[in-house]
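What follows draws every value from the coordinates through simple rules; no lab data is involved. Since the structure is predicted, the reported quantities are computational estimates derived from the model, not experimental observations. Here Cβ is always computed from backbone atoms with ideal geometry, including for glycine, and neighbour counts include all displayed protein chains.
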Amino acid sequence: MPAGLAVSGLSKRYGPVDALRGVDLEVDDGELVGLLGPNGAGKSTLVKIAAGLVRPTSGTAVVGGQPAGSRAARASLGYLAELFRFPGWYTADEVLELHQRLSGSTGGAAERERLLELVALSDAAHRRVEGMSKGMQQRLGIAQALVGEPRLLLLDEPTSALDPVGRRTVRLLLEEVRQRGVSVLLNSHLLSEVELVCDRVVILLDGEVVAAGAPAELSRPRGVELETDEGLRRVDGATREDAPRLVAEAVAAGHRVYGVRVLTSTLEDVYLEAVGGETS
């Protein structure tokens, strides 16, 4: 089966500016990939090309085996923009009904009920958007993107305006969506969220991929920390394999060892190293 999203040699030029320069990226079925990078790195351009809203200068973007922007590709993806707005006078059910008509979905009331249940908004089906919290609107936005059972979900900063409780709710929702076999490309600047939920991350800088892989694969050892009767002692450069030896040496020297911790770089460390400290 073709990947949910396959991008090869993708380039986009706006006048003298290269927004993307030969990007390769894949999102497999049921995979959640985080897209990271500072402002101007090309993240939004990549998402818009995948959604068929922008045409590439060169290279290809394929959604579910179909060229991005084609009718078949658009029918197999769901999209939630960062600054989305729904009519305040619409109820949650009416928002989904509108997007069913726009997308040609034939799921009817059963699909709307199922999606509202999925995003924990069943009790708010007849509540107007203007009376919803930001978190509720965000979840409704994800439900809207899932109308028509898309294979690929494109999410642009879905948790940027939420508090920690709201971010956790959306994170759990994304995990549920992934378990249903939906591919997800998540454009976000919240590194902690991406590290918690994504299977892989792709870091862009100046329109190019500068790092890619699972968060654990991208991390690097930073040493081993021992807690002994003399306090904390850090051995820089040591790895997990060195930990037993370091404990044994401390015990042989007459120290009591209360704990040992292998230190590795966080996704934030990896990100800052990849982009050279540029801000998002």
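Based only on Cα atoms, what mean projected area does the convex hull of the chain have, in nm²?
Details: hull surface 72.1 nm².
Here the figure is 18.0 nm², rounded to one decimal.
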> Of the listed peptides 183-189, 36-42, 224-230, 102-108, what is their order by residue-averaged count of other C-beta atoms within 10 Å, with the highest listed first?
Replying inline: 183-189, 36-42, 224-230, 102-108
>> Working only with C-alpha atoms, what are the Rg and Dmax values of the stretch 1-156, expressed in angstrom?
In response: 16.6, 51
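Run the dipole for the chain about the Cα centre, Lys and Arg Cβ at +1, Asp and Glu Cβ at -1, nothing else charged, and hand back the magnitude in debye, nearest 20. Can you show the working numbers first?
On the way: 31 positive and 39 negative charges, 165 e Å.
So the dipole magnitude of the chain works out to roughly 800 debye.
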>> Sorting check: for 191-200, 210-219, which peptide has the highest mean count of neighbouring beta carbons within 10 Å, and how do the rest follow?
In response: 191-200, 210-219
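Report the Rg/Rh value for the stretch 221-264, based on alpha-carbon coordinates and the Kirkwood definition of Rh. Each step should come with its number before you reach the end.
Numbers: Rg = 9.5 Å, Rh = 10.1 Å.
Using only Cα positions, Rg/Rh for the stretch 221-264 is 0.94.
So if R0 is 41 Å, what FRET efficiency would V260 and D199 give, r being the distance between their Cβ atoms, rounded to the nearest 0.05?
Numbers: r = 29 Å, r/R0 = 0.71.
So the FRET efficiency works out to roughly 0.90.
Please rank Y90, Y258, Y79, fewest neighbouring Cβ atoms within 10 Å first, as an exposure proxy.
Details: Y90 16, Y258 10, Y79 22.
By the 10 Å Cβ count, ascending, the order reads Y258, Y90, Y79.
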